[in-house]
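Trainee: Below you will find the structure I want to go over with you.
Each reported figure results from applying straightforward, stated rules to the coordinates on display, with no laboratory input. Remember, it's a predicted structure, so these values are computed and weren't measured experimentally. So basically every Cβ, Gly included, is an ideal-geometry build from the backbone, and we count neighbours across all protein chains shown.
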Amino acid sequence: MPKAGTNSTTKADVLAHLKAEQDPRGIASWKKNQDCSGGLQSYGIGLTRLRSYAKGIGKDPKLAKLLWKTKVYEARIIALLVDDPKGMTIEQAETQVEELAGGHLAHVFASCDAPLAKTAFAADLLDRWIRSKDPVRRRCGYGLLYEISKSKKKSAPDEAAFLAYVEHIEQKYTRESTDILMSMAGALLGIGKRTKKLNRAALRVAKKIGPIDFDPRGKCDPFDVAKHLTSDYARKKLGL
């Protein structure tokens, strides 16, 4: 694996690595959900391993553009992870959001410490996307809202802005799909850990939404934001 920052990795290197590291169990799981794969091929490799590999590559926007053009799910994940937020543009984001394989790549695109959330225009973009008629954009918008809610920068939205987003979620959540509800819930979780006032506001809406049953297989417990916002960790962090 190349050292971080050397930018010597090629598209062929990445594809060869993914093929060598393929996981039969992951591939089998992918094939079971082939209908919602967006036409992408997968080597069944988990996100943790992909993150580790991408970290070794370092930031490489040229490689990111090449990998994004492939039909390999993991290659596109690597593309998102190695892109450089300093060089990303709104035009690029608007193009990529149309190419997320029906939303299959939305979580890594907008959340998971995504480079997109570190761009100078992320706050403006999320505000536009959560009001979009496109469900994939809305999902990504709330994903960006979650990421920005974790920011400690002075440029982050103020408390009033976050309260407005909580009110927006309260007004819209009953009309949304489970995927978007999960993104909304993530945003509430992040916002509710910023201040006592935001915790009260987010908790009130989280209780209205209730636990979200997001796993049709029944292997995961419903996602209960209210439980997280009243956890010992949250209470200690905010002095509740």
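Trainee: Mind grabbing the base-10 log of I(q)/I(0) for the chain at q = 0.12, 0.14, 0.15 Å⁻¹? Debye formula, identical points on the C-alpha positions, no solvent, two decimal places.
Mentor: Debye intensities relative to I(0), on a log10 scale: -0.73, -0.97, -1.09.
Trainee: Quote the FRET efficiency, to the nearest 0.05, computed for Gln41 versus Ser151 with a Förster distance R0 of 51 Å and r equal to the Cβ-Cβ distance.
Mentor: On the way: r = 35 Å, r/R0 = 0.69.
With R0 = 51 Å, the Cβ-Cβ based efficiency is 0.90.
Trainee: Right, something else. Over the chain, calculate the relative contact order: mean separation of alpha carbon pairs under 8 Å at least 6 apart, over the residue count, as a percent. Each step should come with its number before you reach the end.
Mentor: Values: 329 pairs, mean separation 29.2, N = 240.
Relative CO of the chain lands at 12 percent.
Trainee: Taking all pairs of distinct Cα atoms, average 1/r, flip it, and tell me the Kirkwood hydrodynamic radius of segment 10-140 in Å to one decimal place.
Mentor: Evaluated on segment 10-140, it is 15.1 Å.
Trainee: So for segment 158-240, averaging the separation of alpha carbon pairs under 8 Å that are six or more residues apart and normalising by length, what relative contact order in percent results?
Mentor: The normalised contact order for segment 158-240 reaches 28 percent.
Trainee: Sort 64-73, 213-222 for me by packing, meaning the mean count of neighbouring Cβ atoms within 10 Å per residue, highest on top.
Mentor: 64-73, 213-222
Trainee: What angle do you read, to the nearest 10 degrees and between 0 and 90, between the alpha-carbon axis of helix 159-172 and the longest principal axis of the chain?
Mentor: 80 degrees
Trainee: If packing is taken as the mean number of other Cβ atoms within 10 Å per residue, what is the order of 47-60, 147-160, 97-110, 176-189, highest first?
Mentor: On the way: 47-60: 16.9, 147-160: 13.4, 97-110: 20.2, 176-189: 22.1.
Going by the mean number of other Cβ atoms within 10 Å, highest first, we get 176-189, 97-110, 47-60, 147-160.
Trainee: Okay, next question. What net charge is computed for the residues neighbouring Phe121, neighbours being all others with C-beta under 15 Å from the C-beta of Phe121, Lys and Arg scored +1, Asp and Glu -1?
Mentor: Around Phe121, the surrounding residues sum to -2.
Trainee: Turning to a different aspect of this structure: Round to the nearest 10 and give me the degree value, 0 to 90, for the angle of helix 73-82's Cα axis relative to the longest principal axis of the chain.
Mentor: Helix 73-82 and the main axis of the chain meet at about 70 degrees.
Trainee: Could you work out [θ]222 nm for the chain from helices alone, using -39500 (n - 2.57) per DSSP H run of at least four and dividing by all its residues? Round to the nearest 500 deg cm²/dmol.
Mentor: -17000 deg cm²/dmol
Trainee: Please report, in debye to the nearest 20, how large the charge dipole of the chain is about its Cα centre when each Lys and Arg carries +1 at its beta carbon and each Asp and Glu carries -1 there.
Mentor: Dipole size: approximately 680 debye.
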